[in-house]
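Read through the structure below, which is laid out as structure tokens, and then see the notes.
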Amino acid sequence: MTKIKRILVSQPKPESEKHPYSELAEKNNLKIDFRPFIQVEGITVKDFRKTRIDILAHGAVIFNSKTAIDHFFRLAEELRVTIPDEMKYFCSSESIAFYLQKYIVYRKRKIFYSASGNLLDLTDIFLKHKDENYLVPMSSAHKDEIPVLLDKIKIKYTSAILYNTVCSDLSDLSEINYDVLVFFSPSGIKSLLQNFPGFKQNDIKIATFGTTTAKAATEAGLRLDISAPQPNAPSMTMALEQYIREYNKGCKK
């Protein structure tokens, strides 16, 4: 066995020079590259109009990602729709709520967010505003957790597909010459197999974040070596570090 030295993370490189992956690389003498395996394409105004969804018929919006925020306000601008000051915003996390400052005067708006990062924790707040008609911007490849929750508590809402998640063209990667591949979504797994239909895992380690990504990897016939979050490793970098340190102990070089 040879030591793990090269890791490919299937996401964009963090903007900050100091990030958990840079610390992981320094502490364990690793080379870590970043390459998005998927990309987002916003739907056109023409396609959105076909849905006959009226943004202004809704008094509240639920955001589960910063990407959803970007495409909601992009479409509103392209449609020449002015979002009223009275619009209410419900966000799955504090960081997503703060991202709204890019488009609105934050302190003057009615904004609610989950401190835990789980929209289930906003159930009581949704019920306090149960008379609102909610708009839920989402990707074509989305989880059903928000619609399921709203259906359960009998909240009126409209799901709006505002962007598509598609596989990136990875033809610049002539081969997967890495010891570990890190994935964060089922779409990333799909992109790997679409770009490299003859992919053979062999000694390459597969790391996944989240249960749906892990399930997609195993259903694709891949061997899952590293998974997060775990009780002792809530982040991907922690899971990687624990695995690599233990694995490299038994390697000669």
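The values are calculated or read from the model by the stated rules, or taken from the named source; none is laboratory data. Quantities reported herein were computed from a predicted structural model and do not represent experimental measurements. As a convention, Cβ positions derive from the backbone with ideal geometry for all residues, glycine included, and neighbour counts pool all protein chains shown.
The one condition from (1) charged (D, E, K, R); (2) in the same structural domain as Ser140 (by TED's automatic domain parsing); (3) closer than 30 Å to Lys249 by Cα that Lys27 does not meet is (2).
Applying the selection to the stretch 74-132, what residues are of a type in the set (Lys, Arg) and loosely packed, with under 14 Cβ neighbours inside 10 Å? First the steps, then the outcome.
Within the stretch 74-132, the first condition is being of a type in the set (Lys, Arg), and the residues that meet it are 74, 80, 88, 102, 107-110, 128, 130.
The answer is Arg80, Lys102, Arg107, Lys108, Lys110, Lys128, Lys130.
Could you count how many residues in the stretch 1-34 are in a loop (DSSP other than H, G, I, E, B) and under 17 Å from the mean Cα position of the chain (by Cα)? So the count comes out to 6. In this structure, Glu86 does not satisfy being assigned by TED's automatic domain parsing to the domain that holds Lys143, among the acidic types (Asp, Glu) and part of a helix (DSSP H, G or I).
Scanning the stretch 88-112 for residues that are modelled with pLDDT of 90 or more and among the hydroxyl-bearing types (Ser, Thr, Tyr) gives Tyr89, Tyr99, Tyr103.
Residue count for the stretch 44-82, restricted to those that are farther than 24 Å from Leu120 by Cα and in contact with a Lys or Arg (Cβ under 9 Å, 6 or more places away or on another chain): 2.
Within the stretch 39-70, work out how many residues are free of Cβ contacts under 8 Å to residues at least 60 places away in the same chain, in a helix (DSSP H, G or I) and over 19 Å from Ile104 (Cβ atoms). Residues flagged as free of Cβ contacts under 8 Å to residues at least 60 places away in the same chain, in a helix (DSSP H, G or I) and over 19 Å from Ile104 (Cβ atoms) within the stretch 39-70 amount to 5.
So, in the stretch 137-158, of the ones that are among the β-branched types (Val, Ile, Thr) and over 20 Å from Ile96 (Cα atoms), which residue ends up surrounded by the fewest Cβ atoms within 10 Å (Cβ to Cβ)?
Narrowing the stretch 137-158 to residues among the β-branched types (Val, Ile, Thr): 146, 148, 153, 155, 158.
Those still in the list that are over 20 Å from Ile96 (Cα atoms) too: 148, 153, 155, 158.
Working: Val148: 9, Ile153: 11, Ile155: 20, Thr158: 15.
Among those that are among the β-branched types (Val, Ile, Thr) and over 20 Å from Ile96 (Cα atoms), it is Val148.
Would you say Ala97 is of a type in the set (A, V, I, L, M), under 19 Å from the mean Cα position of the chain (by Cα) and under 23 Å from Ser140 (Cβ atoms)? It is false that Ala97 is of a type in the set (A, V, I, L, M), under 19 Å from the mean Cα position of the chain (by Cα) and under 23 Å from Ser140 (Cβ atoms). Residue count for the stretch 125-158 satisfying the condition of being free of Cβ contacts under 8 Å to residues at least 24 places away in the same chain, more than 22 Å from Thr67 (Cα to Cα) and within 25 Å of the chain's Cα centre (by Cα): 2. In the stretch 14-21, the count of residues that are in contact with a Phe, Trp or Tyr (Cβ under 9 Å, 6 or more places away or on another chain) and within 21 Å of Phe184 (Cα to Cα) is one or more.
Taken over the stretch 191-245, residues that are out of contact with any strand residue (DSSP E or B) (no Cβ under 8 Å at 6 or more places or on another chain) and either outside the structural domain of Glu23 (by TED's automatic domain parsing) or of a type in the set (Phe, Trp, Tyr) (or both) amount to 2.
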